[in-house]
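Read the structure below first, then the notes.
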Amino acid sequence: MGNVYRIIIWKILFSAAILSAQESKPQVTSESPASPKKWVLVWSDEFNGLDGSPPDPAKWKFDTGGKGWGNNELETYTDRAMNAEQEGGNLVITARKESFTGPDGIAREYTSARLKTAGLFDYAYGRFEARIKIPYGQGIWPAFWLLGNDIGTVGWPQCGEIDIMENIGKEPSTIHGTIHGPGYSGEKGIGSPFSLPKDQKFSKDFHVFGVEWEPSQIRFYVDDNLYATRTPTDLPTGAGWVYDHPFFIILNLAVGGYWPGNPDATTVFPQQMLVDYVRVYGK
């Protein structure tokens, strides 16, 4: 009987030790972007279509053309599979060096793709995130961003723009999160960089880029690391906070432009931006 009692006591003490250890662990709160308690999924694309298939036309449209897109970009955006297709559970956007003349009659030496949810999905507030593996190289400019759905009536930058992730390829360890609006657009956009430690490159692995957007606050994240918060107090005197209406999503991989500069002899093509998923959460 003594052995039985000793076993029972040992079990009680062992269970108590486990409970104590669990209570001492850091707890994930509802304020954590990784927590399912705060957010409810309202829209997503996991890009699990058949290899070689185009992005889901019920979720994405293509911007096409070689007009520079206000940034002096050098590519023509196309809707061809060789520039945007689903492959291995990812959306693969490929920038290529090739002579190409699109339906707009503009001749370019590069092609790529730019996808948007305009007219198919837009949303106000919540958490927007994407898991992306970006390329790098001089003149390469991947981006994941949002535009106000009223751009067709009020124009840019009055519609507002939220750049969740931009990278210029000559800075492989750094991405930027920026807001643009009337009085603080273009090179005057209000942004912050986030850099990986010890010169690690974003192109080496997938990372989750996100914003948590509330009526008077936009928070920028990389892999659950909060690195910037924007509020109306950050704006120039008299400038408007134009983030109180639905925005749509854009994914693109640009070549060249005022900010990244042009490709040079060190730039390797093709370049690929891999998107594992895009997800939007509401409260």
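A few notes on this one:
- The stretch 38-282, relative contact order in percent, only Cα pairs under 8 angstrom and at least six apart counted: 30 percent
- Neighbour counting of Cβ atoms within 10 Å sorts the residues V222, V268, fewest neighbours leading, into V268, V222.
- Long-range Cα-Cα pairs in the chain (distance over 30 Å), rounded percent: 35 percent
- In the stretch 39-71, trypsin sites (Lys or Arg not before Pro) in a DSSP loop with at most 14 other beta-carbon atoms within 10 Å: K67
- Annotation note: chymotrypsin sites (Phe, Trp or Tyr not before Pro) in the stretch 39-108 located in DSSP loop regions with a Cβ neighbour count of at most 15 within 10 Å are W69.
Quick note: the coordinates plus some simple rules give every number you see, no bench work behind them. Please read these numbers as outputs of a predicted model, since none were measured by experiment. Every residue, glycine as well, gets a Cβ built from its backbone with ideal geometry; the counts of neighbours run over all protein chains shown.
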